[in-house]
Amino acid sequence: MMSEPLDSSSVRQATKQPLKEHKVVDIFDSLTGLLGRKPFFRVIDDEIEKSKLGCTSLALLIIDIVGLRRINLAAGIDAGDAVLCETANRIRESLRNCDSVARMSGGEFAALLPSMISEDHPILAIDKILQAFHDPIELQNQKLNVELRFGVALYPNTCSSTEQLVRHATTALLHATARSRSFSVYCEESKDKDLAEYAFALELRTAVEQNQLALHYQPKWDIKAQEVTAAEALVRWPHREHGFISPNKFIPIAEESDLIRPLTAWVINEAVRQTAEWHREALPIGISVNLSARLLQDPEVPEIVKNALDIWSVKPEYLTLEVTETAIMENRDQGAEILDQLNDLGISISIDDFGAGYSSFAYLCDLPVEELKVDRSIITGAAANTDSETVLRTIIDLGHNLGLLVTAEGVEDEDKYRSLERLGCDIIQGYLISRPLAADDFLSFMMRKRQAG
Ligand code: C2E
Ligand code: MG
Ligand code: MG
């Protein structure tokens, strides 16, 4: 990459010595004393050559201080500088003497690990660095916890030049950032997929931050009352190129990052706001909102729910949170605690997609649950090896014996409706009643039903 060779070991030694010569100033970052970006690239060139001769592998870590701008704003530029210097020291001291550390720009550092001793060498190095940041950085009058994020690329596995190594490690860092992970390793096989996913995740982040998502509402039909008593709020992403993107496509991506919390907070707030509006229009219906598996571990969820109900003055009995059977089983301990707190607020909990997973019924019985939503695969019979009506009857009876309301989802035809009615099912949801509708269309639908009734 750079033509003039530079002896990497002498440069590394020099990092620990005072900056005497004028020339040295060009090589080292004046704030941290680490190598600057350009000389670092020459060290990489040099190490790649050595690794070719010795048939060894090397790893490049690009390291980002998460939230440096926030530190600068909150604590001042001097504090930001002190954090940079201490970060440089801690990274340097966590690594071997033969490793090189550089400051790339702002809050971005890089470390080159030549002669890797094993495949997981970079992960062990990251672990060591993270351990060095276990204790907060102490400034004059405050302590700051510093979070780091890492992008990793390997030579010769996925790169053949310095430029490629840096580009791939940077891509891995962006990938880790988009997914809110502490590190990501670049790998050739998933290159295109990763980049596309990364772009998609970033677009989704913008959509959530700029409130570009929308809710559609699917009516829930009470068989005994013969009327719509509630609606399920289903999130959509109106995309300028791809139209309405299904939640099945973007919820898993949001779940892999910290995006799921703001997304869900928006959905809960918007669904409760819409419910308050309908209540003002003399439409006293309930609203169900889906809660992701990951949020069963998030202690802030009850507060988010309480705030929405308070702000829009909606009584808690109008709100139901749907949690899938699988999510509950995967988050047993903490999940039960959050469900108890939500139950204390006076809202209802529903077990969604029931019958699609394998759960311990004894465990589910102990939870504060009011509704069982039978999965569409059970309703259509797709999941049953045996007679689907027998399976349905068993689930409905089981739900009733536990004092739960039983809802059937995905009901598309009249025959299925009649059979569910006969089996004593309480609520029907599905295309037979209506597809999910935009808020205005939902209101028109309800007005038509009212006039017809
Ligand atoms: P779900 O909660 O089980 O929602 C029911 C899904 O079945 C919805 O798909 C609905 O449009 C679809 N559906 C309803 N009736 C019928 C029918 O008769 N036939 C067929 N074939 N499909 C029917 P949608 O809206 O694409 O949502 C898919 C899943 O995405 C939801 O499944 C839910 O798990 C998740 N989801 C939706 N909105 C949110 C949200 O705000 N937060 C979270 N965490 N997940 C959400
Ligand atoms: Mg649902
Ligand atoms: Mg469902």
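Multiply the residue gap between Glu330 and Lys143 by 0.36 nm, knock off their C-alpha separation, and tell me the result in nm, one decimal place. Before the final figure, lay out the partial values.
Details: separation 187, 0.36 × 187 = 67.32 nm, distance 3.61 nm.
Roughly 63.7 nm would be gained on extension.
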Practice prompt. Just the ratio, please: alpha-carbon radius of gyration of the chain over 2.2 N^0.38 Å, N its number of residues.
Written response: 1.26
Worksheet item: Measuring with a 1.4 Å probe in the full set of protein chains, what accessible area per residue, in whole Å², belongs to the range 8-190?
Response: 49 Å²
Practice prompt. Beta carbons within 10 angstrom, averaged per residue: use that to sort the peptides 307-318, 254-265, highest first.
Written response: 254-265, 307-318
Fill in: For the range 46-153, the Rg and Dmax computed from alpha carbons only, in angstrom
15.1, 51
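What percentage of the solvent-accessible surface of the range 111-256, computed with a 1.4 Å probe over protein heavy atoms, is contributed by carbon and sulfur atoms?
Numbers: 3690 of 7460 Å².
Answer for the range 111-256: carbon and sulfur cover 49 percent of the accessible area.
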Discussion item. Run the paramagnetic zone check for Glu389: 7 angstrom along Cα to Cβ, then residues of the range 409-453 with backbone nitrogen under 12 Å.
Written reply: 416, 418-423
Practice prompt. Might you report the magnitude of the Cβ-based charge dipole of the chain about its Cα centre, with Lys and Arg at +1 and Asp and Glu at -1, to the nearest 20 debye?
Written response: 1120 debye
Worksheet item: Can you pull the three principal axis extents for the Cα set of the range 8-190, in Å, largest first?
Response: 50, 44, 23
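Quick one: work out Rg over Rh on the C-alpha atoms of the range 202-452, Rh as Kirkwood radius. Display every interim value, and only then the final one.
Values: Rg = 17.6 Å, Rh = 18.6 Å.
Computed over Cα atoms, the ratio is 0.95.
When Rg is the radius of gyration of the Cα atoms in the range 106-148 and Rh is its Kirkwood radius, what does Rg/Rh come to?
Result for the range 106-148 is an Rg/Rh of 1.09.
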Response to the item:
Scoring the chain by relative contact order with C-alpha pairs under 8 Å, at least six apart, yields a percentage of 10 percent
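Given the range 202-452, what percent of its DSSP beta bridges are antiparallel, to the nearest 5? Walk me through the intermediate numbers first.
Details: 16 of 39 bridges.
Counting DSSP beta bridges with both partners in the range 202-452, the antiparallel share is about 40 percent.
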Worksheet, complete the sentence: Helix 191-209: inclination vs the chain longest Cα principal axis, degrees, rounded to 10, gives 60 degrees
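Measuring with a 1.4 Å probe in the full set of protein chains, what accessible area per residue, in whole Å², belongs to the range 202-452? The partial results should precede the final answer.
Numbers: 11880 Å² over 251 residues.
With the other protein chains kept in place, the range 202-452 gives 47 Å² per residue.
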Discussion item. Could you compute Rg(Cα) / (2.2 N^0.38 Å) for the range 150-192, with N its residue count?
Written reply: 1.04
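Which order do the peptides 370-376, 95-101, 162-168 take when ranked by the mean count of other beta-carbon atoms within 10 Å per residue, highest first? Present the calculation step by step, with values, prior to reporting the outcome.
Values: 370-376: 22.1, 95-101: 17.3, 162-168: 19.7.
Ranking the peptides 370-376, 95-101, 162-168 by packing returns 370-376, 162-168, 95-101.
The values are calculated or read from the model by the stated rules, or taken from the named source; none is laboratory data. Just so you know, these numbers come straight off a predicted model, no measurement behind them. When we count neighbours, we look across all protein chains shown, and the Cβ atoms used for this are built from the backbone with ideal geometry, even at glycine. Ligands, DNA and RNA are excluded from the accessible area calculation, which covers all protein heavy atoms including side chains. Shrake-Rupley method; radii C 1.70, N 1.55, O 1.52, S 1.80 Å.
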